[in-house]
Amino acid sequence: QVQLVESGGGLVQPGGSLRLSCAASGSIFRGYTMGWYRQAPGKQRELVATISNGGSTNYADSVKGRFTISRDNAGMTVYLQMNSLKPEDTAVYYCASVGTYGPRYWGQGTQVTVSS
């Protein structure tokens with residue numbers, strides 16, 4: 001069964017932190033790059049960060065130095081540690097299994113709201 005299940009979203013004040021988790025089924029995790037994307041109201045979905053099966057990472061310029069993506073290959077989970085959050089980080093965050101031509105499978109999304 002193909003499954004990506006995100007958790008960890010919520011409401012946080014500016015400057016705060018959140019850690020998102022994404023539990024994946026094996027068939028779409030092992031050997032694949034995993035990514036986090038986000039979509040704010042009225043905007044297109046955008047890349048936040050990706051991590052290859054070997055651990056190489058890539059970040060959007062807007063989150064570099066603040067967000068960290070990691071993966072637990074044994075537990076088939078990918079994480080996004082988000083620090084120094086800003087109101088403009090408010091969005092629905094999606095986990096994805098990434099293939100050669102882009103995301104192949106998506107999770108259902110988790111809402112992150114940064115507001116005082």
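Numbers for the structure displayed
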read-out	value
Within a Gaussian network of the chain (alpha carbon springs, distance under 10 Å), most fluctuating of 104, 19, 71	104
Linear extension gain, residue 72 paired with residue 30, 0.36 nm per residue minus alpha-carbon span	14.1 nm
Peptides 60-69, 78-87 ordered by average Cβ neighbours within 10 Å, highest first	78-87, 60-69
Under Karplus coefficients 6.51, -1.76 and 1.60, residue-wise ³J(HN,Hα) of region 42-59 in Hz, glycine/proline x	x, 10, 6, 5, 10, 5, 9, 6, 10, 9, 6, 4, x, x, 6, 10, 9, 10
Gaussian network model of the chain, springs between alpha carbon atoms under 10 Å - residue of 26, 54, 35 with greatest fluctuation	54
Nearest-0.05 FRET efficiency for residue 81 and residue 61, computed from C-beta distance (R0 22 Å)	0.80
Sulfur and carbon atoms: percent of accessible area, region 62-116 [1.4 Å]	48
Size of electric dipole in the chain: Cβ of Lys, Arg +1 and of Asp, Glu -1, about Cα centre, debye, nearest 20	80
Binned Cα-Cα distances of region 49-98, short to long, each 5 Å bin given as a whole percent	4, 18, 31, 25, 14, 7, 1
5 angstrom amide H check on residue 105, placed H, neighbours 5+ away	97
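The values are calculated or read from the model by the stated rules, or taken from the named source; none is laboratory data. This one's a predicted model, so the numbers in the text were calculated from it and none came from an experiment. Cβ sites come from the backbone with ideal geometry, for glycine too, and all protein chains shown count toward neighbours. Calculation scope for accessible area: heavy atoms of the full protein, side chains included, ligands and nucleic acids excluded. Shrake-Rupley method; radii C 1.70, N 1.55, O 1.52, S 1.80 Å.
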